[in-house]
Amino acid sequence: MQILDHLDKLEFSPAYVIEEGTLRKNCELLANISEQSGAKILLALKGYAVSSTLKIVGEYLSGATCSGLFEAKFAKEYMDKEIHTYSPAFKDDEIDEIIALSGHIVFNSLFQFERYKHKALEAKKELGLRCNLEFSLAPKELYNPCGRFSRLGIRAKDLENADLSAVNGLHFHALCEESAASLELVLKEFEAKFKPFIAKMKWVNFGGGHHITKKGYDTQKLINLCKKFSDTYGVQVYLEPGEAVGWEVGTLVASVIDIIKNEKNIAILDTSSEAHMPDTIIMPYTSEVANARVLATREGEQVSELNNDEFAYLLAGNTCLAGDVMGEYAFKQPLNRGDKVVFLDQAHYSIVKNTTFNGVKLPNLIFLNAKGKLELIRKFEYEEYKRRN
């Protein structure tokens, strides 16, 4: 985490800081897995889409997976490699452009497949179907794509009498921040339910949710699983991680604006959990902070006790939302107005989801290159709020 050595040079706050060194390290690991396993790896833009860094990602990965027209256009503009596009439902007024941009198009239902397959075939595109395994190891129901009543994908029993002669591949997604051991269990379910269809395919996409770049992930097991599956069925395997590309690549740097006391010391920051770190509220989870440790979660659940030589602060956002709180943290030194607070691992699923709620300024985008130089990627001002409203 190089940014801690450069905080005095950071003129703008709040700011997401993307570190080239960690990004390349993640991508090098993914490229090595691709080389050893034969699987092609795509960046899932839904999780990480910092435009100025996609050229770097493109040096290592095979392309991008997109969730609709805008992401497909984005992938074409900033990566221009393989583009795979899936959506729960494509629209008539967008499908022609999606077909033109994408090499692979994955349909969510047999109705949509039949509706658009002739256009895609005329354009000589690869056609796929998303499968609902009715089995998932996602840790929360909110992130379970194969749960009861799920709209995502087609069940095996619904494919039994379908004409799949024009289908080139199958796609499934059943993981969220999971291990290679979890993938192994998911693959067993996939093979058990979809085996009659797999052998007829050219490719199979194992989806995302693979925590590949997290310390302790069993990369050799992943390699073995991909190779075995590919050899067994004679198909090209795809993986489409998003979080694994952006894992620990970026931080959110904020400044202390004011400190007030209401039973506890409360540091008000120039950022917002609601607007700038939405998953801390949605999941929820409590972000780690550099040079601090968590005492209590944002919901107030006690995690650890304060030591005698530490100073406790409730970190809070600068909005009128009462629950815009990050958590309570222990620091080695007292916080002062103007001090920087660094939230760790905020590149993925934060930048792509942030908002201008309450008129709060969007964090600037900063790139910390391999030589230790800070580069301003984008500075957000009032016009961004005005344009959105």
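The values are calculated or read from the model by the stated rules, or taken from the named source; none is laboratory data. Worth saying up front: this structure is predicted, and the values here are computed from it rather than measured. Glycine also receives a Cβ, built like all others from the backbone with ideal geometry; neighbour counts cover every protein chain displayed.
One residue is enough: does region 145-165 have a residue meeting the conditions of a type in the set (A, V, I, L, M), over 30 Å from Lys124 (Cβ atoms) and in contact with a helix residue (DSSP H, G or I) (Cβ under 6 Å, 6 or more places away or on another chain)? No, because not a single residue in region 145-165 is of a type in the set (A, V, I, L, M), over 30 Å from Lys124 (Cβ atoms) and in contact with a helix residue (DSSP H, G or I) (Cβ under 6 Å, 6 or more places away or on another chain). In region 374-389, the residues that are farther than 14 Å from Ser13 by Cα form Cβ pairs under 6 Å with partners that are modelled with pLDDT of 95 or more and aliphatic (A, V, I, L, M), at six or more places apart or across chains, as follows: Glu384/Leu362. In contact with a Leu (Cβ under 6 Å, 6 or more places away or on another chain), of a type in the set (Ser, Thr, Tyr) and either surrounded by fewer than 19 Cβ atoms within 10 Å (Cβ to Cβ) or under 23 Å from Met1 (Cβ atoms) (or both): is that true of Tyr313 in this structure? When the stated conditions are applied, Tyr313 passes them. Of the residues contained in region 154-168, one or more are found to be under 20 Å from Gly234 (Cα atoms) and in contact with a Phe, Trp or Tyr (Cβ under 7 Å, 6 or more places away or on another chain). Arg293 fulfils the conditions (1) under 15 Å from Asp345 (Cα atoms); (2) surrounded by 16 or more Cβ atoms within 10 Å (Cβ to Cβ); (3) not hydroxyl-bearing (Ser, Thr, Tyr) except for a single criterion, (2). So is Thr319 at pLDDT 95 or above and closer than 22 Å to Ile3 by Cα or not? So Thr319 does not fit the description; no. Residues in region 325-352 that are touching a helix residue (DSSP H, G or I) at 6+ places or on another chain (Cβ under 7 Å), under 28 Å from His211 (Cα atoms) and not aliphatic (A, V, I, L, M): His348, Tyr349, Ser350. In region 128-162, the residue that is modelled with the highest pLDDT out of those that are of a type in the set (A, V, I, L, M) and under 20 Å from the mean Cα position of the chain (by Cα) is Leu152.
Within region 106-128, not a single residue is part of a loop (DSSP other than H, G, I, E, B), in contact (Cβ under 8 Å) with a residue 40 or more places away in the chain, β-branched (Val, Ile, Thr) and crowded, with 17+ Cβ neighbours inside 10 Å. The numbered conditions (1) farther than 24 Å from Leu175 by Cα; (2) under 20 Å from the mean Cα position of the chain (by Cα); (3) not in a helix (DSSP H, G or I) are all true for Glu77 except (3).
Being under 17 Å from Ile377 (Cβ atoms) and surrounded by fewer than 20 Cβ atoms within 10 Å (Cβ to Cβ) is a description that applies to Glu77.
Restricting the first member to region 61-81 and to residues that are within 19 Å of Asn26 (Cα to Cα), and the second to residues that are assigned to a helix (DSSP H, G or I) and acidic (Asp, Glu), the beta-carbon pairs closer than 8 Å and six or more apart or on different chains are Ala64/Glu71. Of all residues in region 215-254, those satisfying the criterion of being buried (at least 19 other Cβ atoms within 10 Å of the Cβ) and more than 23 Å from Thr65 (Cβ to Cβ) are Thr251, Leu252, Val253, Ala254.
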